[in-house]
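Take a look at the structure below.
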Amino acid sequence: MATEHRDPPWSERGGSGASLLVLIHGLAGTAEVWRPLIAALGDGWRGEWLAVDLPGHGRSPRRGSYSIGGYAADVAALIGRRRDVVVVGHSMGGAVGLALASGWFGVDIRVTVAAGIKVRWSGGELDRAAALAARSPRRFAARDDAAAYWLRLAGLDRLWDTGHQGVGPAVNDRDGTFEVAFDNRVNAIGAPPVRALLAAVQGHVVMARGADDPMVADDQIRALGLEPRTVPGAGHNVHVERPAQFAGLILGALDEAAAR
C-alpha cells in the first residue's frame, strides 16, 4: 500500500538553551501569531523556542487529510530528542499540545498550557465545520481582500489590519490572483477529544482562556476537572490580545511544575 509522502512543516527557532518552548497556533493561524508572546516572555524564558506553521497553514505543505494526532506527530518530529519541553497551544493547537503530552508520540512534555480550546460543540457547529471543509478555495483579485478574509478566518480582524507584517505568510499570490494559505479541509477535524486527551496527559497541564472568549467558558473547563486560568480583558486570541499577561500565566505554570 502506498503511503503519503510527508514533507515537514515550516518552523522557526530562536533563543538558546537546553529547554524548548513549543508554540502551536490554532485553526487558520500561523506561527506569526506568537511574536507578541515571544517578545513579552523576554528573559523570563531562558531556553530555545520553536514556532510551527501546521500543515495546511501558512508556509507549510498541504496534506491529503488532517487530524490532531497527525499534527502531534509532525510537531514531535520537529522536537526530536529533547528532555525539557514546554508546549503552549492555542485553540486547536492546544488540543495538539495535549496529544503531544500524552507520551504517545515519543516526546516528554514537562508542562502544557492549552488556551482557548473549544470543548463543547453542537451538532450544528459540527455540520458547519464539515460544510467549510468541503468548500473550494476562494480567489481574490486584490491581495488586501484575501488578507481581510484570512484575518476573519483566524479571528484577528479586530486586532491586525491587512498591512500587518504577520499577515504576509497567510496569503499566496497565484499568478496575479490571491488566496489564503489555509486548506479548508482542516475544518474536517471538528471537535477534538479533549477529555480523552486530558486523561492521557503526563506532566503539568494548565487550561487557560481569555475572560471574554465566547468559545469556551470557565464552567466548561471545570467540568473537565481543572481550574481555569483566565486572562482579564482578552478574547479568544489571548496570546495576541494580552501577551504580557499570558506570558505571566505561562511562567507561573512553570513555577507550579517546579514546585510539584
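The values are calculated or read from the model by the stated rules, or taken from the named source; none is laboratory data. A quick note: this is a predicted structure, and the numbers were derived from the prediction, not measured. Note: ideal-geometry Cβ built from the backbone for every residue, glycine included; neighbour counts use all protein chains shown. Each accessible area value is taken on the protein alone, full model and side chains, heavy atoms only, with ligands, DNA and RNA left out. Shrake-Rupley method; radii C 1.70, N 1.55, O 1.52, S 1.80 Å.
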Of everything in region 79-124, what is crowded, with 16+ Cβ neighbours inside 10 Å, part of a loop (DSSP other than H, G, I, E, B) and not hydrophobic (A, V, I, L, M, F, W, C)? Give them in sequence order. R82, S91, S102, G116, K118
Only one of G190, G166, G210 is of a type in the set (G, A, S), closer than 27 Å to R260 by Cβ and touching a helix residue (DSSP H, G or I) at 6+ places or on another chain (Cβ under 6 Å), namely G210
Name the residues in region 211-222 that are in contact (Cβ under 8 Å) with a residue 40 or more places away in the chain and not β-branched (V, I, T), would you? D213, M215, Q220
Any chance you could count how many residues in region 1-39 are basic (K, R) and part of a helix (DSSP H, G or I)? 1
Any residue at all in region 151-170 that is among the charged types (D, E, K, R), within 19 Å of the chain's Cα centre (by Cα) and either modelled with pLDDT under 95 or closer than 16 Å to T30 by Cα (or both)? yes
All but one of (1) over 13 Å from the mean Cα position of the chain (by Cα); (2) not in a helix (DSSP H, G or I) hold for G42; state the number of the condition that does not hold. (2)
Of A28, A51, A39, A76, which residue is surrounded by fewer than 22 Cβ atoms within 10 Å (Cβ to Cβ), of a type in the set (G, A, S), under 21 Å from H164 (Cα atoms) and in contact with a helix residue (DSSP H, G or I) (Cβ under 9 Å, 6 or more places away or on another chain)? A39
What pairs can you find where one residue is in region 180-206 and without any contact (Cβ under 8 Å) to a residue 24 or more places away in the chain and closer than 24 Å to T112 by Cα, the other is of a type outside the set (S, T, N, Q) and part of a helix (DSSP H, G or I), and their Cβ atoms are less than 8 Å apart, with a gap of 6+ or different chains? none
Residue by residue through region 54-65, note down the ones that are under 29 Å from R242 (Cβ atoms) and either part of a helix (DSSP H, G or I) or open to solvent by less than 30 Å² (accessible area, probe 1.4 Å) (or both). L54, P55, G56, H57, G58, S60
